[in-house]
Amino acid sequence: MTHSPGARRLGRAIALGLVLCATLGTTSATANAGPPRPRTPDLGPHVTVFDPGMPVSEIQATLDAAYARQVDAEMGTERQAYLFKPGSYGTPEQPLQMKVGYYTEIAGLGASPTDVRINGKIEAYNRCLADGGTGNCIALVNFWRTLSNLSLTVDAAGQDGCRASANFWAVSQAVSMRRLDITGGGLSLMDYCTAGPQYASGGFIADSRLPATTNGSQQQWLTRNSEIAGWSNAVWNQVFAGVVGAPDDATFPDPPYTTLDTTPVSREKPYLYVDGKGRYQVRVPAAQRDSRGVSWADGITPGRSIPIEDFFVARPGDSVRTINSQLARGKHLLLTPGVYDIARSIEVKRPNTVLLGLGHATLTAVNGAVPLEVAGVPGVVVAGVTIDAGLRESPVLLRVGDRHGRDGGSAANPTTLSDVYFRVGGPHIGRTNIALEVNSDHVLIDHTWVWRGDHGVEGFTEGVNGDTERWRTNTGRYGAVINGDHVTATGLFVEHFQRYNTVWNGEHGTTVLYQNELPYDPPTQADWMNGDVEGWAGYKVGDRVRHHTLHGGGVYVFNQNNPSIHTENGFEVPRTPGVRLHHVMTVNLNAGTIDHVVNGVGEAADTTRVGAPVYVAQYPLP
């Protein structure tokens, strides 16, 4: 990602009266109307549930108003989920064409993606940052949005010639596409219509069936357990795992594809759905090993369903004491959209507990708390949650397992983190020692962005250099620290931390796609020293580790605050045959230098080769 000014909020937009269809609340039946209909759960004021009987114009107006509020709300507090009951939406005469802004979730409520059918488009465009016009239009800051569990027939009726050429999804980190079936037109992961092609910086697709897809200017991307009709273009680091139709990687780095025939460990993200009797349930997919293709090809995704009545449905005003009491009673936890201030840890202690957030529900640390603690028990699933650091330093933002406790991990039933995002700074000053700490064995991290903010509403003293002040004030030492054994990460994005961005101390770890930017803001080389070594590697495997595998990794440098700063290695790993890196690279974004890719191997990524990656295809060298 790249720098940006603070976000500008658009004015409050139209028509709240259009928002709510008749789906929130309780439906009653007369004595002569047969059995009572299932109760529709109250999902709070920031969840809108659409019914196929609603006029397309009303749905369109609701979504247009939401986009107007959220298109520039990068550091805002509003969180929203828009859910579609099973059925069809939009017609060739009146397609439903949506644009998705910040902190917005669009999802179907079917048991399978084909249960919700949308004729139209669901898009994210470049965001224009200069003067309210078409200046500095990029996708590099298009974060925090979710699209899942529906079928889309691309229909561009009414759009101009360029917009009609594809369904555009120009996004960067903390954005996922899951459980999609897209037909009728192409998919482009860049927006080449708004001020021409511009870079985007990372994304994630899983469990989806896609048409011919244009990667375009996307710098890095992970596609997992999917089917694609074709894939074109690559920039630095494109990874495919368990994807039918994935491109071959035999000529790496030209193009820079990394392709695994199967995904070593996977579990699809839980999803809310309405069954054939109108009952709301959460489907929790089963874990898989060496998997390939979509999970729903032969019907509903294998796994278990949990009635919504077995969840405590929380709102931002609920106390942690209440939440923990419900968890202790055996309830699962559904976090409705909003920002939750957390002054003591939410504690997940029971095996197989599900914690599912809707609409990018956000936990913000208060008074140095650890917002979320997961015990070392098997089968816990945490999904769809963002965790923010607060003003007082937290030791950790999310801890999985006790570092000194007995581990209860399970290879067959791994604790799983899906679309769990971390933020240190941005909307406010943030401080933490570690963002994500994993101490349990057999944990699956399935798409995370661990971000120490390089921009945002910092609250620094007026007149002080912003980057220098950020280094002292907006502090995060380590992004991800992995101490457990047999931990797998599919889609590990970690950026801007002040020491090692990722430290992997556990044995038999596996990462499938790693993306990292070193911090922009060290004031001097003395501030960026690891003992006698210049700088901290973006990915560190512990010195005692004997078995580790990384497929597709990139470390980027942009020492904007002091371009003379050096980092000795992008990757630092033990020199042992069991620790293997496959397709790794460093790249210079226009300031600073990474002297080597890994352990002294690879040329310097310096300002003589801006934007030109330095690749090492295999380490240890053949």
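The values are calculated or read from the model by the stated rules, or taken from the named source; none is laboratory data. Every value quoted in this text rests on a predicted model; they were computed, and no experiment measured them. All Cβ positions, glycine included, derive from the backbone under ideal geometry; neighbour counts span all protein chains shown.
Can you report the number of residues in region 554-577 which are assigned to a loop (DSSP other than H, G, I, E, B) and in contact with a strand residue (DSSP E or B) (Cβ under 7 Å, 6 or more places away or on another chain)? Spell out the reasoning first.
Filtering region 554-577 down to residues assigned to a loop (DSSP other than H, G, I, E, B) leaves 559-565, 573-577.
Remaining after also requiring in contact with a strand residue (DSSP E or B) (Cβ under 7 Å, 6 or more places away or on another chain): 559-560, 563, 573-574.
Final tally of qualifying residues: 5.
For region 424-453, residues that are closer than 21 Å to residue 550 by Cβ, assigned to a loop (DSSP other than H, G, I, E, B) and of a type in the set (Gly, Ala, Ser) total 1.
Residue-by-condition table, conditions (1) among the basic types (Lys, Arg); (2) in contact (Cβ under 8 Å) with a residue 60 or more places away in the chain; (3) under 30 Å from residue 429 (Cβ atoms); (4) in contact with a helix residue (DSSP H, G or I) (Cβ under 6 Å, 6 or more places away or on another chain):
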residue	(1), (2), (3), (4)
87	no, no, no, no
120	no, no, no, no
149	no, yes, no, yes
163	yes, no, no, no
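Filtered by the rule that a residue be in contact with a strand residue (DSSP E or B) (Cβ under 6 Å, 6 or more places away or on another chain) and not in a strand (DSSP E or B), region 200-210 gives 202, 203, 207, 208. Inspect all residues belonging to region 342-353 and state whether any of them is in a strand (DSSP E or B) and under 26 Å from residue 102 (Cα atoms). Yes, region 342-353 contains at least one residue that is in a strand (DSSP E or B) and under 26 Å from residue 102 (Cα atoms).
Among residues that are surrounded by fewer than 24 Cβ atoms within 10 Å (Cβ to Cβ) and modelled with pLDDT under 95, residue 160 is included. Being aliphatic (A, V, I, L, M) and modelled with pLDDT of 95 or more is the filter here, so list the residues in region 199-242 that pass it. 205, 206, 210, 212, 222, 228, 229, 239, 241, listed by residue number. Looking only at region 198-207, decide whether some residue is over 16 Å from the mean Cα position of the chain (by Cα) and either acidic (Asp, Glu) or more than 21 Å from residue 419 (Cα to Cα) (or both). Looking through region 198-207, at least one residue is over 16 Å from the mean Cα position of the chain (by Cα) and either acidic (Asp, Glu) or more than 21 Å from residue 419 (Cα to Cα) (or both). Filtering region 302-329 to residues that are more than 16 Å from residue 352 (Cα to Cα), under 25 Å from the mean Cα position of the chain (by Cα) and among the polar types (S, T, N, Q) leaves nothing. When each of 379, 299, 293 is tested for being at positive phi, at pLDDT below 95, out of contact with any Leu (no Cβ under 9 Å at 6 or more places or on another chain) and not in a strand (DSSP E or B), the lone residue that passes is 299. Within region 370-421, the set of residues being acidic (Asp, Glu) and touching a strand residue (DSSP E or B) at 6+ places or on another chain (Cβ under 6 Å) comprises 373, 388, 393, 419. Scanning region 211-230 for residues that are surrounded by fewer than 24 Cβ atoms within 10 Å (Cβ to Cβ) and either in a strand (DSSP E or B) or among the aromatic types (Phe, Trp, Tyr) (or both) turns up 211, 212, 214, 227, 228, 229, 230. Against the numbered list (1) of a type outside the set (Lys, Arg); (2) touching a residue at least 40 places away in the same chain (Cβ under 8 Å); (3) in contact with a Gly (Cβ under 7 Å, 6 or more places away or on another chain); (4) farther than 20 Å from residue 146 by Cα, residue 52 comes up short only at (2). Close contacts from region 237-263, counting a first residue that is under 16 Å from residue 293 (Cα atoms) and a second that is among the aromatic types (Phe, Trp, Tyr) and not in a loop (DSSP other than H, G, I, E, B), with Cβ to Cβ under 6 Å and a gap of 6+ residues or different chains, come to 246/240; 247/231; 247/257; 259/240. On the stretch given as region 268-290, residues that are part of a strand (DSSP E or B) and either closer than 18 Å to residue 148 by Cα or touching a Lys or Arg at 6+ places or on another chain (Cβ under 9 Å) (or both) total 11.
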